[in-house]
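The values are calculated or read from the model by the stated rules, or taken from the named source; none is laboratory data. Just so it is clear, the structure is predicted and the values come from calculations on it, not from any experiment. As a convention, Cβ positions derive from the backbone with ideal geometry for all residues, glycine included, and neighbour counts pool all protein chains shown.
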Amino acid sequence: MIDPTKQDKPSALKVMPGIEQPGNRADNPTSGKRRSLSTEEYVEGVLSGDRTRLGRAITLIESNSRSHFEQAREVIQELLPRAGKSIRIGITGVPGAGKSTFIEALGTKLVEQGHRVAVTAVDPSSTVTGGSIMGDKTRMESLAANPGAFIRPSPSGGALGGVARKTRETMIVFEAAGYDVILVETMGVGQSEITVRSMVDFFLLVLVPGAGDELQGLKKGVVELADAILINKADGENISAANRAKREYENALHYLTPATKSWTPHAYTASSTTGDGIDHVWQVIEEFAALTREAGDFQQRRREQARDWVHEMVREALVKAFAQHGDVRKRMPELETLVMDGRLPATTAAHELLKTFGVDALA
């Protein structure tokens, strides 16, 4: 693993200090010259703030190797009682909205105020190439080099559900290590927004002024997930357009059901470049946390997310087991062909495959 204190100057080929460089998650996270760590060493390293062991613990969690799963589970079990004391903030938005610049501006201000900030991402597109998608985080030079922040690339490989599981467990490790603000950026579109909403407390939608129609190509459902809308890049000649967009979104929000029961979402403007409005965004998030904790919605959302996480992991495991079942794999091509040729109803084919798997769909 890269030592964040001993890296060379940034280039297009490497990430900045503080950003963990993931390798092949199927590889041994303790391969090379480093010796394997015990569960106790991982836990002690995380709790003591050892950045190297923190990075190695996350790499262990992100590993796709079956041999690492059990130890990763043990590490999470030991760290869980020390987790849960952060505010988890999801950040999404259209491409070019300046999410990364906003994260650096907000994260830098929070570190200056004494907070410890962790940044990670959920990106379904990384599953296509198997590579890290946070290469653009090389722009976060100030935040990445700050000892009060830790930036982690998205887990690579596997389905979106697998990436989400690793991100959830990474957040537990961050919290146990003492990071009290966790920023989760969604890099993809569509399903990834729903996934991130399901694992954070506060969900921020970042947009830009003058980018087309009111929803800027986003589905209405994405706006409904937001606890606040931020019109970014509100500086220079964009200020008038940003204020106009703010009014338009404010009007639109009146017709939508709030994502959080005890909170009314609003639209705001800010400039990640000048820093104007960034402090106010954090004030809004703090107000959100205070009000929802008082109303009990904050705690209830965390409880429901934990419950839903169990269900999601069961579904993911069942789908994987189904796809890998020998007899199912043998029968699948024939039944698929019959369905595509119009000779067999899809419901019948599904029922036959489930019976082959050992499940009676009609029971």
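Could you please find all residues in the range 175-191 being under 13 Å from the mean Cα position of the chain (by Cα) and either at pLDDT 85 or above or of a type in the set (Val, Ile, Thr) (or both)? Give the steps one after another, and end with the answer.
Restricting attention to the range 175-191, the residues satisfying the condition of being under 13 Å from the mean Cα position of the chain (by Cα) are 182-189, 191.
Listed by number, the residues that qualify are 182, 183, 184, 185, 186, 189.
Based on this model, can you work out whether residue 194 counts as modelled with pLDDT of 80 or more, within 14 Å of the chain's Cα centre (by Cα) and assigned by TED's automatic domain parsing to the domain that holds residue 109?
Considered against the rule, which asks whether it is modelled with pLDDT of 80 or more, within 14 Å of the chain's Cα centre (by Cα) and assigned by TED's automatic domain parsing to the domain that holds residue 109, residue 194 comes out as yes.
Could you tell me whether the range 89-111 includes any residue that is surrounded by fewer than 22 Cβ atoms within 10 Å (Cβ to Cβ), among the charged types (D, E, K, R) and modelled with pLDDT under 95?
Checked against the condition, which is being surrounded by fewer than 22 Cβ atoms within 10 Å (Cβ to Cβ), among the charged types (D, E, K, R) and modelled with pLDDT under 95, the range 89-111 yields no hits at all.
State all residues of the range 242-266 that are assigned to a loop (DSSP other than H, G, I, E, B) and either within 18 Å of residue 285 (Cβ to Cβ) or not assigned by TED's automatic domain parsing to the domain that holds residue 228 (or both); if no residue qualifies, say none. Please lay out each step first, then the result.
Just the residues of the range 242-266 that are assigned to a loop (DSSP other than H, G, I, E, B), to begin with: 254-265.
Answer for the range 242-266, where residues must be assigned to a loop (DSSP other than H, G, I, E, B) and either within 18 Å of residue 285 (Cβ to Cβ) or not assigned by TED's automatic domain parsing to the domain that holds residue 228 (or both): 258, 259, 260, 261, 262, 263, 264, 265.
Return only the number of the condition from (1) touching a Leu at 6+ places or on another chain (Cβ under 6 Å); (2) farther than 26 Å from residue 197 by Cβ that residue 72 does not satisfy.
(2)
Any residue that is surrounded by fewer than 19 Cβ atoms within 10 Å (Cβ to Cβ) and either without any contact (Cβ under 8 Å) to a residue 40 or more places away in the chain or assigned by TED's automatic domain parsing to the domain that holds residue 288 (or both) - is there at least one of those in the range 57-67? Walk me through how you get there before you give the answer.
First, the residues of the range 57-67 that are surrounded by fewer than 19 Cβ atoms within 10 Å (Cβ to Cβ): 64-67.
Then drop every residue that is not either without any contact (Cβ under 8 Å) to a residue 40 or more places away in the chain or assigned by TED's automatic domain parsing to the domain that holds residue 288 (or both), which leaves 66-67.
Taking every residue of the range 57-67 in turn, at least one turns out to be surrounded by fewer than 19 Cβ atoms within 10 Å (Cβ to Cβ) and either without any contact (Cβ under 8 Å) to a residue 40 or more places away in the chain or assigned by TED's automatic domain parsing to the domain that holds residue 288 (or both).
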